1. Within region 51-70, track down each residue that is over 22 Å from L111 (Cβ atoms) and either more than 13 Å from the ligand (Cβ to nearest atom) or open to solvent by 60 Å² or more (accessible area, probe 1.4 Å) (or both).
2. Is it true that some residue in region 167-177 is in contact with a Phe, Trp or Tyr (Cβ under 9 Å, 6 or more places away or on another chain) and over 19 Å from A10 (Cα atoms)?
3. Looking at region 281-318 only, could you name the residues that are touching a residue at least 40 places away in the same chain (Cβ under 8 Å), among the aliphatic types (A, V, I, L, M) and in a loop (DSSP other than H, G, I, E, B)?
4. Only helices (runs of 4 or more DSSP H) wholly contained in region 91-180 count here; list those with 1 or more residues that are acidic (D, E).
5. So is E185 outside the structural domain of P150 (by TED's automatic domain parsing) and in a loop (DSSP other than H, G, I, E, B) or not?
6. Taking region 166-187, which residues are of a type in the set (S, T, N, Q) and open to solvent by less than 80 Å² (accessible area, probe 1.4 Å)?
7. Are there any pairs with C-beta distances below 6 angstrom linking a residue in region 8-36 that is more than 17 Å from P261 (Cβ to Cβ) and in contact (Cβ under 8 Å) with a residue 60 or more places away in the chain to a residue that is of a type in the set (G, A, S) and part of a strand (DSSP E or B), with the two at least 6 apart or on different chains, and if so which?
8. Which of (1) part of a loop (DSSP other than H, G, I, E, B); (2) under 15 Å from the mean Cα position of the chain (by Cα) is the odd one out, the single condition A44 does not satisfy?
Amino acid sequence: MKELLLVAGARPNFIKVAPVCHALAGHPRLGFTLVHTGQHYDDAMSRRFFEVLDIPAPGVNLEVGSGSHAVQTARIMERFEPVVAERKPAAVVVFGDVNSTAACALVACKLNTPVVHVEAGLRSFDRTMPEEINRIVTDVLSSLLLVSEPSGLRNLLNEGISRDKIVEVGNVMIDSLQRVRPRVEAQQPWTTFGLSRGGYGLVTLHRPANVDDDTVLKALLGALGRVSEKLPLIFPMHPRTRARIQQLGWNPPAGFQMVEPVSYIDSIGLQLGARVVLTDSGGLQEESSCLGTPCLTLRPNTERPVTVELGSNIILGNDPAAVESAVHEVIAGRIKRAQPIPLWDGRAAERVVAAMDAFLHP
Ligand code: UD1
């Protein structure tokens, strides 16, 4: 039996690690311990995701909490090193592009422990994004790179990573989506918020480029406020966004509901029921593409180009006039139809486990 350490730290990690835990349960050759770094710690950002996605309780919690990038990354490294040194896992498995991903990859690699990166190869080619730095660092240190979409393979080959380290497994986030979809259809979460199916837009914003600059944030909120006079909007706010909006002292108009971070079921449900999704999240670009809901990405680029090529995603940037006119296009019925994306079929975690098994038992 070979032991894996699976690392999860922040909200999107929990959604990705869940199906891998399920696919590993009862495996004859691979065991695992889940390590929660504690990067996200609020109930709404962490505990509720464990419950709804049926993720086993973490065997280790590093409880690092928030801090600047350097402080948070350093704290994760300091606390993860003795865990790897003591448990001597066959591999450390990291997910996505958050600070916990890069920090734990660096620790494992220096202890000569192979790193497996789930969701390798994504690139926005925008090094002002902290996530882009995390992706580059993690991929360069990984021994097995599991990619979710065709661009991942292209980017890694362009960076000189050897083909035999890369496996196309598909998107584990979609495994989680498919698991909860029947519950979502039954619950119709939009009704809880007083909304009707197809009668509202869903907004999420948390990227530093959109929320950390007063002028940018004010202009975006102004545009969204005007949109909400024609199409009601619901905006579950990430803690960092809530804090920034409070600092601005901005009050939303009547059609603009600003709420606490929502549960996973509500997030998928609000995307399913929406006329349009306006977001700067990577995960929502993928989920809304899979659900076929038009997605307007409020960033100048995406590291997930397949959502534009085949999905419902349009890269809009954060110009307020562009936001308003794009929503009007959607309201007028001019929308982009989504097609199925290869390997986003609900079985990616099985392929992740098969690839790890082959890597560790050659
Ligand atoms: C992180 C990821 C981002 C991901 C996002 C999803 C990095 C670099 N960024 O960004 O890629 O899309 O998670 O949510 O890793 N906070 C709380 N409670 C929590 C967690 C955070 O109040 O449970 C607040 C703190 O004030 C903290 C701030 O949110 O300072 C930012 O949290 P942090 O984990 O540093 O980055 P995110 O913006 O959440």
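1. Result: E51, V52, L53, D54, I55, P56, A57, S66, S68, H69.
2. Yes, region 167-177 contains a residue that is in contact with a Phe, Trp or Tyr (Cβ under 9 Å, 6 or more places away or on another chain) and over 19 Å from A10 (Cα atoms).
3. L298
4. Details: elements: 99-110, 130-141, 150-158.
Answer list for region 91-180: 130-141.
5. Spelling it out, it is not the case that E185 is outside the structural domain of P150 (by TED's automatic domain parsing) and in a loop (DSSP other than H, G, I, E, B).
6. Taking region 166-187 and keeping what is of a type in the set (S, T, N, Q), we get 171, 176, 178, 187.
Once the filter is applied, which keeps residues that are of a type in the set (S, T, N, Q) and open to solvent by less than 80 Å² (accessible area, probe 1.4 Å), region 166-187 yields N171, S176.
7. V17/A8
8. Just one mismatch for A44, condition (2).
The values are calculated or read from the model by the stated rules, or taken from the named source; none is laboratory data. None of the values given here were measured: they were computed from a predicted structure. When we count neighbours, we look across all protein chains shown, and the Cβ atoms used for this are built from the backbone with ideal geometry, even at glycine. The accessibility values were calculated without ligands, DNA or RNA, using every heavy atom of the protein model including side chains. Shrake-Rupley method; radii C 1.70, N 1.55, O 1.52, S 1.80 Å.
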